[in-house]
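Everything on this sheet refers to the single structure shown next.
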Amino acid sequence: MERKMKQLHKGGATRSRERSALRFYCVMMAFPILQFCVMWIGVNFNSILLAFKEYDASLNFTWTMDNFKGVFEGLVKDATVRDAFKNSIIFWLVTTIITFPTSLGISYYIYRNYKFSRFIKTILFLPRMISGPVTAIIIYQLMDRGYPVMMKLLFDKDCLGLLANSATQMMALVIYQLFFSLAGNFIFLSSAMSGIDESISEAARVDGANAWQEFIHVTLPLIWPTVSIFLVTSAVSIFTNDYGMYSFYKVAGVTAVNTVGSYFTIGLTEWGTRRYPFFAAFGLVLTAITALIVFPLRAYVNSKNPMNDTDGAIAAKKRMRKEARRNAKITENA
Amino acid sequence: MRKLQKTHRKEVRKASRMTPISWVVCILLLIYACCMLYPYLLAVLSSFKTLRNYTDNFFGFTELTLENFKKVFTGFVYPIVLKDGGSGYYDFLGLTVNSFLYAAGGALGLTVTPCVVAYCCQKFPYKFSKFIEAMIYVVMIVPIIGNTASTIQMTQNIGIYDQMWGHWIMKCSFIGIYFLVYHAAFEGIPNDYMEAVYMDGGGHFTIFFKIMLPLVSKQMLTVFILQFVQLWSDYMGVLLYLPSTPTISIALLNFSSLASTTAPMQLAACMLASIPGLVLFAKFSEQFMGSLQMGGVKG
């Protein structure tokens, strides 16, 4: 009888605890979920509807498919839209193919604590801590005012600034991207590397692995989740990232080199409400294109996970988790 | 045993030693770091030059002055169109206050919201938590592009457009990479802590505010600083959703089109605008390392 009472009491306590947990859960999640419903679900649903609308001068709307027709026509015929699309892809490729592996290498150099790594780390952080417009202004001053002065001093030659000259504009901006986009990834990659158990790296070193072997066989497999997230999210933001081009448009008057991100910002701030449906339709088309890039890329990145090769390490991890969950259940029941 | 340890230490030291290849990498990195630093140093120098000195002697200097900084504080005026259609202006101090409110409020929302949601999803394995987690991964992989126009319409409809508090609400979003950071952090905290507090009579709010938040405070501070700096330099959000509350970033972008401004003055304003980021960097640079780890993208 006493045992039964105890069990009943225990059951009541568990129920009260569960209720309290649920109460806490509801209170804490209410606002974020409401915000998500309005600012993500509501906004995106409205965006899809907006893509099929057309506004007249008094902002009354009619349903139409003309916005999509306009987008496809723009992608084929309008040089500005075409260039924006092409440039976004170029900047993404530059930051993914060149910058990301370099960033990975530099992060490893700092992780290994080689000479001057503290100084290099400090300098690499700088662009991240200094605002984009400030960097754009400084680069503009250097490229458009400093470069002609330097050419005059060194070769006694009069020339235009790198950003003022349409022939060199694109090259100058690609170099800018290469130089200043390292810091963004570097913080996360360094953090991921510093989280690696030191004994694993030490064991590899003691076994005679050189820096390259340690990087390929120990460090890279252990930080692969971070690497894969970065590769996928950088592809996701191809058409939302303006790659700093709006800053150069405002600061240096660069109009010939634009990206989809800067094209959207200029359009939405300067062309008025009646053009909103066109941008919503353009966004939907770009979402479809992004999905076509992201899903194969994600599958490829997952298939290249070095952990897949190490004697079924992932399967072992899953097995261990399952076992731990089963043990926890048994303990709970007991 | 001691001999073994000594050999082990020797091996480790030997393996971490600089090789010829690492020296080459080191030199290349130093060159890169100097190239990166040079434009900023030149900008600092130029901000102390007179206009004449700046035009005649771009790379060198003959006389330095604080006049540009004084002019930024006293003579700089940024015109705006008010919500009622009238006109007004902001001085540099006003722009700084706007920037601070915009960046600090937004960063707070972007720091706390993913933390709360990640905690709830990680420690309360309800079906809804699993659904939220799966949704976050999907949203991160396939965002709907071009919803800015719709966001402007939506904010106008619900009355938060062109309001600072509206911007703060917009930033209370848990979607993004920092959700993964917090999720990984909470995953690393054993549930025994919760059990112990519960046994002592504490509730879930006590567990969250007194135990869990202090344990992830390092991550929270790092996320807050990174978001603060990002929002401090953000211009798109201000342009699109807060047109009558300009920040320093907006003023800097439009600087050259304003009356009575010069290039050295623009650079002086840039230097002043960079101070908060640099101060945060100087104070918390060591904090960044090792505090932002995250799990993988689930299939």
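The values are calculated or read from the model by the stated rules, or taken from the named source; none is laboratory data. Just so we're clear, the structure is a prediction, and the values are computed from it rather than from any experiment. Every residue, glycine as well, gets a Cβ built from its backbone with ideal geometry; the counts of neighbours run over all protein chains shown. With ligands, DNA and RNA removed, areas are computed over all heavy atoms of the protein, side chains included. Shrake-Rupley method; radii C 1.70, N 1.55, O 1.52, S 1.80 Å.
Scanning segment A:173-184 for residues that are crowded, with 17+ Cβ neighbours inside 10 Å, within 13 Å of another protein chain (Cβ to nearest Cβ) and of a type in the set (A, V, I, L, M) returns A:Leu182, A:Ala183. Looking only at segment A:105-126, residues that are part of a helix (DSSP H, G or I) and either surrounded by 20 or more Cβ atoms within 10 Å (Cβ to Cβ) or among the hydrophobic types (A, V, I, L, M, F, W, C) (or both) come to 13 in all.
For segment A:127-226, the helices (runs of 4 or more DSSP H) that sit wholly inside it and include 3 or more residues that are in contact (Cβ under 8 Å) with a residue 24 or more places away in the chain are A:132-140, A:169-180, A:182-194. Among the residues that make up segment A:195-205, is at least one of them β-branched (Val, Ile, Thr), surrounded by fewer than 19 Cβ atoms within 10 Å (Cβ to Cβ) and within 26 Å of the chain's Cα centre (by Cα)? Yes: one or more hits. When you go through (1) more than 9 Å from chain A (Cβ to nearest Cβ); (2) open to solvent by 30 Å² or more (accessible area, probe 1.4 Å); (3) out of contact with any His (no Cβ under 9 Å at 6 or more places or on another chain) one by one for B:Tyr241, which number turns out not to apply? That leaves (3) as the condition not met.
Taking every residue in segment B:66-92 that is open to solvent by 70 Å² or more (accessible area, probe 1.4 Å) and pairing it with any residue that is in a strand (DSSP E or B) and of a type in the set (A, V, I, L, M), at least 6 positions away or on another chain, the pairs with Cβ-Cβ distances below 9 Å are B:Ser87/B:Ile80; B:Ser87/B:Val81; B:Tyr89/B:Ile80.
Checking the condition of a type in the set (A, V, I, L, M, F, W, C), in a helix (DSSP H, G or I) and either within 20 Å of B:Leu258 (Cα to Cα) or without any contact (Cβ under 8 Å) to a residue 60 or more places away in the chain (or both), which residue from B:Leu41, B:Leu101 passes? Unique residue meeting the criteria: B:Leu41. Among the residues making up segment A:269-301, a single one is facing chain B (nearest Cβ under 7 Å) and farther than 20 Å from A:Asn241 by Cβ: A:Tyr276. Based on what the data block shows, is B:Ala184 under 30 Å from A:Arg128 (Cβ atoms) and either of a type in the set (A, V, I, L, M) or loosely packed, with under 15 Cβ neighbours inside 10 Å (or both)? In short, yes.
For segment B:268-299, filtered to residues that are within 7 Å of chain A (Cβ to nearest Cβ), closer than 21 Å to A:Val134 by Cα and surrounded by 22 or more Cβ atoms within 10 Å (Cβ to Cβ), the residue that is modelled with the lowest pLDDT is B:Gly277. For segment A:229-244, filtered to residues that are facing another protein chain (nearest Cβ under 7 Å) and outside any helix (DSSP H, G or I), the residue that is most open to solvent (accessible area, probe 1.4 Å) is A:Thr240. When the helices (runs of 4 or more DSSP H) confined to segment B:124-224 are screened for residues that are in contact (Cβ under 8 Å) with a residue 60 or more places away in the chain, those reaching at least 3 such residues are found at B:127-141, B:148-158, B:164-170, B:177-187.
Can you confirm whether segment B:56-64 contains a residue that is among the β-branched types (Val, Ile, Thr) and not assigned by TED's automatic domain parsing to the domain that holds B:His183? Yes. When segment B:227-258 is filtered for residues that are part of a helix (DSSP H, G or I), farther than 19 Å from B:Ile169 by Cα and out of contact with any Ser or Thr (no Cβ under 7 Å at 6 or more places or on another chain), the ones remaining, listed by number, are B:Ile250, B:Ala251, B:Leu252, B:Ser256, B:Ser257. Restricting attention to segment B:7-55, the residues being at pLDDT below 65 and more than 7 Å from every other protein chain (Cβ to nearest Cβ) number 5. For B:Phe58, the conditions (1) surrounded by fewer than 13 Cβ atoms within 10 Å (Cβ to Cβ); (2) within 11 Å of chain A (Cβ to nearest Cβ) are fulfilled apart from (1). Residues that are surrounded by 16 or more Cβ atoms within 10 Å (Cβ to Cβ), touching a residue at least 24 places away in the same chain (Cβ under 8 Å) and either of a type in the set (Ser, Thr, Tyr) or not assigned by TED's automatic domain parsing to the domain that holds A:Leu178 (or both) do not occur anywhere in segment A:28-36.
Here's the yes/no breakdown for (1) surrounded by fewer than 17 Cβ atoms within 10 Å (Cβ to Cβ); (2) over 30 Å from A:Thr226 (Cα atoms); (3) modelled with pLDDT under 90; (4) touching a Leu at 6+ places or on another chain (Cβ under 7 Å):
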{"position": "A:Ala51", "(1), (2), (3), (4)": "no, yes, no, yes"}
{"position": "A:Ser58", "(1), (2), (3), (4)": "yes, yes, yes, no"}
{"position": "A:Phe61", "(1), (2), (3), (4)": "yes, yes, yes, no"}
{"position": "A:Met65", "(1), (2), (3), (4)": "yes, yes, yes, no"}
{"position": "A:Val76", "(1), (2), (3), (4)": "yes, yes, yes, no"}
{"position": "A:Ser88", "(1), (2), (3), (4)": "no, no, no, no"}
{"position": "A:Ile97", "(1), (2), (3), (4)": "yes, no, yes, no"}
{"position": "A:Ser103", "(1), (2), (3), (4)": "no, no, yes, yes"}
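Just wondering, is there one or more residues in segment A:185-193 that are facing chain B (nearest Cβ under 9 Å) and hydroxyl-bearing (Ser, Thr, Tyr)? Yes, segment A:185-193 has at least one match.
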